[in-house]
Amino acid sequence: MGMRKVAVIGAGMTKFVRRALETPKELSWEAAKMALDSCELTMDDVDGVCFGTAPDAFDGVHMNGEYCSDGAGAWNKPFMRCFVGGGTGVFVPIQGWYHVASGLFDVVLVVAEEKMSSYYPHAQAAFLTIFDHTTERPLKPNLLWIFALEMNRYMTTYGIRKEDIARVSVQHKRNAANHPCALLGEANITVEDVLNSEVLAWPVQRFDVSPVSDGAVALVLAAEHVAKRLTDKPVWIEGVGWHLDTAYWTNRDLAYPRYVEYAAKMAYDMAGIKEPRKEIHIAEPYDPFDYKALHHLEGLQLAERGKAIELYLSGAAAPDGDLPICPSGGLLGVGNPIAAAGLMKVAELFWQLRSEAGARQVPGQPRRGLAQAWGDLMQVGTVIVMGR
Amino acid sequence: MTSRINHFPGTSLNEQDFADGKVLFVHDALKAEYAWDTGIAIGTYLAGLKRGVILGAHCRHCRKTVVPPRTVCEWCFRPMSEYIPLQDTGTVNTFSLCYVTWDVRRIKEPEIPAVITLDGASQLGPASLFMGGIMHKLGEVNPEQVHIGMRVKAVWKPEKEREGAITDILYFKPLPKEEA
Amino acid sequence: MNKEVAIIGVGWSGFHPSTPEVSYKELMYAAAVRAYADAGVDPRRDIESFVTVAEDFIEGTSIFDEYVPDQLGAALKSVHTITGDGLHGLATAYMLIRTGVFDVVAVEGHSKASNIQTLDSIVGHAQDPVLNRPLRLNTHFVAGLEMQRYLHDSGSSLEQCAAVVVKNRHNALKNPLASYSANLTAEDVMQGPPLAWPLGRLETATPVDGSVVIVLASGRKAAELSDNPVWIAGMGWCNGSASLESREWSTLPYVEKAAQMAYRQAGIGDPWDEVDFAEIDDTYAYKELQSLEALGICAFGEAGELLMQGAFDPYGEFPVNASGGSLGVGHLLDATGLHRALEAVLQLRGEAGAHQIEDVHTGLVQSWRGVPTTSAAVAIFDNQEG
Ligand SMILES: [Zn+2]
């Protein structure tokens, strides 16, 4: 069979906003249209559509993928929707990748959309139902619990200080000040601002957390022969990986994300990467909370266990450092419409690797980048490695 | 191509737009009700709780004891049919002080969710990546004194009020020093 | 002939109107154990990727994919979930293996319909929340609209639709998996209670609980592991109009497109001649006729007549739903496509027992995600003996 090479050839996104006027279908279409326009294609050129959104509870629509399908451009097309919780945004381009790599499709449109504001009174309550219906839900858990429990375990295991973790939030929100779609870009935010923000679920405070929002992102994926015809700057998908750990999350140590490690190893093997710290030039780890970026950098083998914070303290993580981390501004700065936020990271790699990221462009013409997302019950890692 | 594009779609609304009636919307509530079969493993677990016993499951092959019970070991895929009583004491593996309820109401006194590794179940260690922990809440404790490694004990509902549910345990409270 | 991907194991559990003795996890486990034994694989060692099909509101759990891995032997492995019919799941496994990265992939789908207390209300939430849902119509009305227009345009009759029910529930008498086998007359069916006229209650499949697991392998691995592989010769899937306001009502262009995609891969020009039997959508009785036409097995408006002549009987020229279909076996929600695939695999292995069709080499399976969707998938299987 021999593996087919798959390229990203176009990208588009909407602004990430607290509450969008547009419906989920409209957000999807805005992003999809922009992605197609960016590589001068039309829907007629698209063989199939992959769609990501999760969970249905936000929209209050059963079979939400079917409902959104025409907005995503899937009328009269093969259509698939994947979901791996928060990992969906990076999984949906992986789904697009296997559509093309299988040889069944030449051009696939990949769309991720999330409209969280429809849920009333607050999207967070929709997360009650991610917990086990018999053994956990009766305790009325809050989504913040699992982050707070994991953050505490991570901090305590490795002796990491809150004031250091706050540096992640500061760096990402400052980066986002240069992103035209960002909801919470703040060029002047400080560590004190983060430490003085409202305590939600200790150790988690308001500015440790990314904001819920509405938005959509789309990519166009193409097989090698099509990509080479359409663009002189294809960005190749060099490796993909995904792993899902056991649902019994209280039976494992939350201090280290093994599932991210396994997902990364799968992607690195495919990409032929032996020393990720040297061979990855730009990284977009998943950062719905500030400590999560650190947690994930360690799982991704870009830092030793408990040492990821040093990337921030040394300046390596800054846009002009030797491993720029979340130059987009990440979820902490751009916003967190869940599936769309993950795909935003992949779009950022596309723009950065093509030197088209505008004010956010990192110096040195990076050759290879990585995006990663995470989700479910602290359980899934999805990883994509792209290069030019 | 963000460097070449200066307009991005997406229109932001604010709460005032709704209050002023500038934006129309449709309100609806989902009527979704379920009666989940608890099955063999969780059914046995709930029956145990009703009797005031926390049951775990033991895998002879992996030599580990986990909770809640399950019919198959997820690591070796062998059937798991050995259910054994654990103690209702344990150690705080991690915790949080949460000032927001599940439906996002702010509260003054925090709820204290915790993962508790139960005595009699597997413990994390140099040779063990697994532990027999459950999620529950802590009570009868000053929030400032909670710490990872704290020893705790279950506080049960009175026997007559138990119904075979995880809430048959009200919360876990600190073990007195001499018992810890 | 396409020899890249084969089905090397099938397993099932449940297939009853209720299964109170097991949790959904235990139902899935029972199906998985059987499928892995059938394939001769150890999931921890041999299976590299897992795909499940599920919808959150059907499970009563948000991001249900969380709860999938343990009972499938998939913990800390490459697992993902799609919201699709089981055949979309099979198509996903087919693609994964064709990339060359994976050799063995398992697909799971299940229904715990008996645990859902408000199924109709939940399905109602699949309607457009702004344009359709405020009318507060039971979603079966979409099938009523479609059936009405289909009968009008195709010339098919109420008697022909009723005959589909008679055939399938009669076929189910020979299938031990079936919950709704019966000896009925067309009269019985037509005199049953109306549901969304012209659609009657007895022309509508009833949900059952069950789980199906299917193990697929690359050609290389199948040769090593299996002495009765069933090859996937083609897979197609397609969506039509999401909105009720802009769809064709009498024809199924998305089924036609899905079939064309699968036929192209399988090299099939004329399914009537080149396919030996079919297990296809009969969620509503008229759908069997409408789908046969969209699949190109006969021309538009011909299926009803062919049915009355016995062409689709188990001993007819082109047996359709010899298993009893969803009307006879019961409807497994999104696992339905996997149920049909399971029946086709048993037929092609010669293991279908009392409802075995003689001398079959190529089978067609088709599924639809139900009202109000226009989402369908088609698979062509081959045992390579012909
Ligand atoms: Zn074991």
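The values are calculated or read from the model by the stated rules, or taken from the named source; none is laboratory data. Quick caveat: nothing in here was measured; it's all calculated off a predicted structure. When we count neighbours, we look across all protein chains shown, and the Cβ atoms used for this are built from the backbone with ideal geometry, even at glycine.
A:G241 falls short on exactly one of the conditions (1) within 11 Å of chain B (Cβ to nearest Cβ); (2) not in a loop (DSSP other than H, G, I, E, B), and that condition is (1). Selection of first residues in region B:116-137 that are more than 9 Å from chain A (Cβ to nearest Cβ) and of a type outside the set (D, E, K, R) and of second residues that are assigned to a loop (DSSP other than H, G, I, E, B) and surrounded by fewer than 18 Cβ atoms within 10 Å (Cβ to Cβ), restricted to Cβ pairs under 7 Å at least 6 apart or on distinct chains, gives the following pairs, ordered by first then second residue: B:L118/B:Q87; B:G120/B:Q87.
Looking at (1) assigned by TED's automatic domain parsing to the domain that holds C:F300; (2) more than 22 Å from the chain's Cα centre (by Cα), can you tell me which one C:A74 breaks? Unmet condition: (1).
Being more than 22 Å from C:N138 (Cβ to Cβ) and within 14 Å of chain A (Cβ to nearest Cβ) is a condition met by at least one residue of region C:323-342. Taking A:V100 as the residue in question, decide whether it is over 22 Å from C:I122 (Cβ atoms), aliphatic (A, V, I, L, M) and more than 10 Å from chain C (Cβ to nearest Cβ). Here the answer is no, as A:V100 does not meet what is asked.
Report yes if some residue within region A:172-185 is of a type in the set (A, V, I, L, M, F, W, C) and in contact with a strand residue (DSSP E or B) (Cβ under 7 Å, 6 or more places away or on another chain); otherwise report no. Yes. In region B:71-85, the residues that are under 23 Å from C:R34 (Cβ atoms) reach residues that are away from the ligand (no atom under 11 Å from the Cβ) and modelled with pLDDT under 95 with C-beta atoms within less than 9 angstrom, at least six apart or across chains, in these pairs: B:T71/B:S81. Based on this model, can you work out whether A:N64 counts as touching a helix residue (DSSP H, G or I) at 6+ places or on another chain (Cβ under 9 Å), on the phi > 0 side of the Ramachandran plot and at pLDDT 95 or above? No. Of everything in region C:238-281, what is charged (D, E, K, R) and touching a strand residue (DSSP E or B) at 6+ places or on another chain (Cβ under 6 Å)? Give them in sequence order. The answer is C:K257, C:D276, C:E279, C:D281. Within region B:8-67, the set of residues being within 14 Å of chain C (Cβ to nearest Cβ), within 16 Å of the ligand (Cβ to nearest atom) and more than 26 Å from B:L170 (Cβ to Cβ) comprises B:C59, B:H61, B:C62, B:K64.
In the set (1) more than 25 Å from A:L21 (Cβ to Cβ); (2) touching a residue at least 40 places away in the same chain (Cβ under 8 Å); (3) surrounded by fewer than 24 Cβ atoms within 10 Å (Cβ to Cβ); (4) within 14 Å of chain B (Cβ to nearest Cβ), A:P211 fails one condition alone, (1). Every test in (1) touching an Asp or Glu at 6+ places or on another chain (Cβ under 9 Å); (2) of a type outside the set (S, T, N, Q); (3) in contact (Cβ under 8 Å) with a residue 60 or more places away in the chain; (4) assigned to a helix (DSSP H, G or I) is passed by C:W231 save one, and that test is (4).
Return the residue satisfying two criteria in turn: it lies in region C:94-121 and is of a type outside the set (S, T, N, Q) and facing chain A (nearest Cβ under 10 Å), and of such residues it is farthest from C:L27 (Cα to Cα). Among them, the one singled out is C:G100.
Matching residues to (1) more than 18 Å from A:N336 (Cβ to Cβ); (2) more than 24 Å from the chain's Cα centre (by Cα); (3) modelled with pLDDT of 95 or more:
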{"residue": "A:A112", "(1), (2), (3)": "no, no, yes"}
{"residue": "A:K115", "(1), (2), (3)": "no, no, no"}
{"residue": "A:A148", "(1), (2), (3)": "no, no, yes"}
{"residue": "A:N152", "(1), (2), (3)": "yes, no, yes"}
{"residue": "A:G159", "(1), (2), (3)": "yes, yes, yes"}
{"residue": "A:S169", "(1), (2), (3)": "no, no, yes"}
{"residue": "A:G185", "(1), (2), (3)": "no, no, no"}
{"residue": "A:P211", "(1), (2), (3)": "no, no, no"}
{"residue": "A:V220", "(1), (2), (3)": "yes, no, yes"}
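Selection of strands (runs of 3 or more DSSP E) fully inside region B:74-134 by the criterion of at least 1 residues being of a type in the set (G, A, S) and away from the ligand (no atom under 16 Å from the Cβ) returns B:89-95, B:113-118. Scan region C:249-261 and tell me whether some residue there is within 28 Å of A:G65 (Cα to Cα), out of contact with any helix residue (DSSP H, G or I) (no Cβ under 6 Å at 6 or more places or on another chain), hydroxyl-bearing (S, T, Y) and surrounded by fewer than 21 Cβ atoms within 10 Å (Cβ to Cβ). Checked against the condition, which is being within 28 Å of A:G65 (Cα to Cα), out of contact with any helix residue (DSSP H, G or I) (no Cβ under 6 Å at 6 or more places or on another chain), hydroxyl-bearing (S, T, Y) and surrounded by fewer than 21 Cβ atoms within 10 Å (Cβ to Cβ), region C:249-261 yields at least one hit.
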